[in-house]
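As structure tokens, the structure follows; a few thoughts come after it.
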Amino acid sequence: VDCASRRPAPQASELRAAMATSRRALLLALSTALLPGRRAEIVWGAASASYQVEGFREADGRQPSIWDAFDTPAIGASGPVRATKPNGKRNIFGGEDASEAVQDYKRYPESVSLHKDLGFGATRLSLSWSRLLSYSPGSLKATRNEAGIQHYRTVLKAYKAAGILTAVTLFHWDLPLTLEEYAAGLPCGTAWLCHDWFIDVFAEYATLAITEYGPLVDWWITVNEPLTIVQNGHSLGNHAPGRCSDRLQCWAGNSSTEPYAVSKGLVLAHARAFRIWEQRGRPGRGCGMTINADWGLPASSSQEDAAALTRFMEWQAAIFMDPLFFGSWPASIVDAAQDRLPPWTQAELELVKGAHDGHFFMNHYTTLFVRAAPLGAPSWEGDQGLEVSGYDFSSGAPIGTPSSNGWLFNYGPGLGALMAWYHERYPGVSFVVTENGWGNASSTREAEMGADDLERCNYYRDYIGNMSATAALRGMKVDAYFAWSLLDNYEWADGFSVRFGLTYVDYATQERTPKGSALWFQQHVTQLKDLPSDGSPLPPCEPHGARDVTVISVDRGRPMTPGPALGALDQAESAVSPLRCS
């Protein structure tokens, strides 16, 4: 039931039928009863990424990345990465760019204070590769940029001095532009396809970072969201470097072959970085690659839709993780892509298999209905034989409260269900949730601090509560959880048109104001040392002031009330869910 409107959940009868035929998956999604038992210490954090928050793109010797060229015409005019599509449209909403972002390159002390004031015990940030190493045009020889290296040392020390753990991402999409330009002059055409040299260059960068910052970092993330790099960057073309087969959308690329070769390149790069981390004594608490995936509910009780759900998960996650755990590609992808899927050499398998330490780093935002569909033209999307939607294919009802950003739905059981799928496929892993959060279309300050943020707070309440329930039910260990994001920031192709932050940023003045959702974390979540396991729901979202937050105040103008606890089966939810309508 949608608690806000008291409407029945969409297509309850169909979903009950789906549950009968996909019992294991849907019980995991819907079992939200908290059970006493295993206690697991957890660290709560907030996340960011360098290109999205730093600004100051030319400071201290930084060279442009592919994203600088993708969003700024003066940088991306005629090279392999351009700011304008062949059809004349700009890549980024409103023609915006990240030249200013939220100025965290200079304002990072405020971010440290926000973490501490809100009670977060950890932060996730990324390094800007082109701040640390410089490359001359036409050359792969790297030069250390001491100013950039010292900057991140200072930032990491500031977090450590505040008692805040750090999760550091080596590659959060901002590839040095000079490397992409070098690749464009070769037959491989783009950096992630040039396995013969690019993996070595990535390893050189990883070696620098791990050597310089080893004692200052608690978790190492080699690559953020390989699926997004593959799908958005090399199949659809709506992220840098902007490659696809459609010549109205992309200047170059091949959506039939490149996504699979890029997938292999990403796995190889991760494995090289992971082995370097091992050779350097495994500094910190863990090292891995952050996998992003949506959860799915089969649209019907048919075997075809159940099989489509499995393919949906394998194309999102297993294509990257099966090689690390099993030394092979998923069979469904081998069957579909055939000779377009590059094989592994014996030496590559020896590098890749086992390149994990038992942690599973994961990003998750939403859940979609999934159903079988005819195969399309050979491509990353066409090979999967499925279609997805946030709306029921028959009734049109949303799977959960829809966000105004166009793709995000609040379906609380999805995070725990996705963890359970990983837990079953990769037994024994412990989880680090590196991103989870709610974004809405940017609106007025009043709405951002009121109604829009109420949805954000309810989203976190639903997702964290259901994650805790499923972890207790299944005996899964969750080591850390990072909310996305600490700050409103530059959201890639959406520019500044979408806000995910726990902290409101006035982009004109750069003033930062914690939202009610941030204060809910402060009061009810960040003080928890263990995931809830006693059957109690998380406290409801209520009006907050800036009691213990001394940075700036929060607008109290709009009342906050508890929101919906969405489930696929209204009867099951009313029987077992701790997140009840208030």
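The values are calculated or read from the model by the stated rules, or taken from the named source; none is laboratory data. Remember, predicted model here, so these are calculated numbers, not experimental data. Please note: Cβ atoms are built from the backbone with ideal geometry, for glycine as well, and neighbour counts cover all protein chains shown. For the accessible areas, the whole protein counts, side chains as well, though only heavy atoms, and no ligand, DNA or RNA atoms are used. Shrake-Rupley method; radii C 1.70, N 1.55, O 1.52, S 1.80 Å.
Things to note:
- Where only alpha carbons of the chain are counted, the Rg and the Dmax (Å): 22.6, 64
- For trypsin sites (Lys or Arg not before Pro), the sites in segment 73-109 that DSSP calls loop and that have at most 14 other Cβ atoms within 10 Å are LYS89.
- Label zone (ASN87, point 7 Å along Cα-to-C-beta; backbone nitrogen cut-off 20 Å) within segment 208-244: 231-244.
- Of all lysines in the structure, those lying under 22 Å Cα to Cα from LYS529, and not within fewer than 8 positions of it along the same chain, are LYS116, LYS160, LYS477.
- Point-to-point label distance, SER389-LYS529, nm (Cα→Cβ direction, 7 Å offset): 5.0 nm
- Extension gain, SER404 to ASP246, is 54.1 nm, computed as 0.36 nm per intervening residue step minus the present C-alpha separation.
- Taking label points 7 Å from Cα along the Cα-to-Cβ direction, GLU511 and GLN150 give a separation of 3.5 nm.
- Net charge dipole size for the chain [Lys, Arg +1 and Asp, Glu -1 on Cβ; Debye, nearest 20]: 880 debye
- Per residue, the convex hull spanned by the alpha carbons of segment 369-426 comes to 127 Å³.
- The HN-Hα couplings worked out from phi for segment 402-414 by the Karplus form 6.51 cos²θ - 1.76 cosθ + 1.60 (θ = phi - 60°) are x, 8, 6, 7, x, 9, 9, 10, 7, 10, x, x, x Hz, whole numbers, x standing for Gly and Pro.
- Taken along its principal axes, the alpha carbon cloud of segment 392-472 reaches lengths of 46, 33, 17 Å, longest axis first.
- Comparing segment 353-492 with the 2.2 N^0.38 Å rule of thumb, its C-alpha radius of gyration ratio is 1.18 (two decimals).
- Between GLU381 and VAL334, the modelled label-to-label distance comes to 2.8 nm, taking each label 7 Å out from Cα in the direction of the beta carbon.
- Shape box of segment 189-304 [Cα atoms, principal axes, largest first, Å]: 47, 41, 20
- Cβ crowding within 10 Å averaged over residues, with 163-173, 338-348, 434-444 ranked highest first: 163-173, 434-444, 338-348
- Computed over every Cα-Cα pair of segment 85-188 and binned at 5 Å starting from 0, the pair-distance distribution P(r) comes out as 2, 10, 15, 18, 17, 14, 11, 7, 4, 2, 0 percent.
- Whole-percent carbon and sulfur share, accessible surface of the chain, 1.4 Å: 52 percent
- Å² of accessible area per residue within the chain, as computed with a 1.4 Å probe and no ligands counted: 34 Å²
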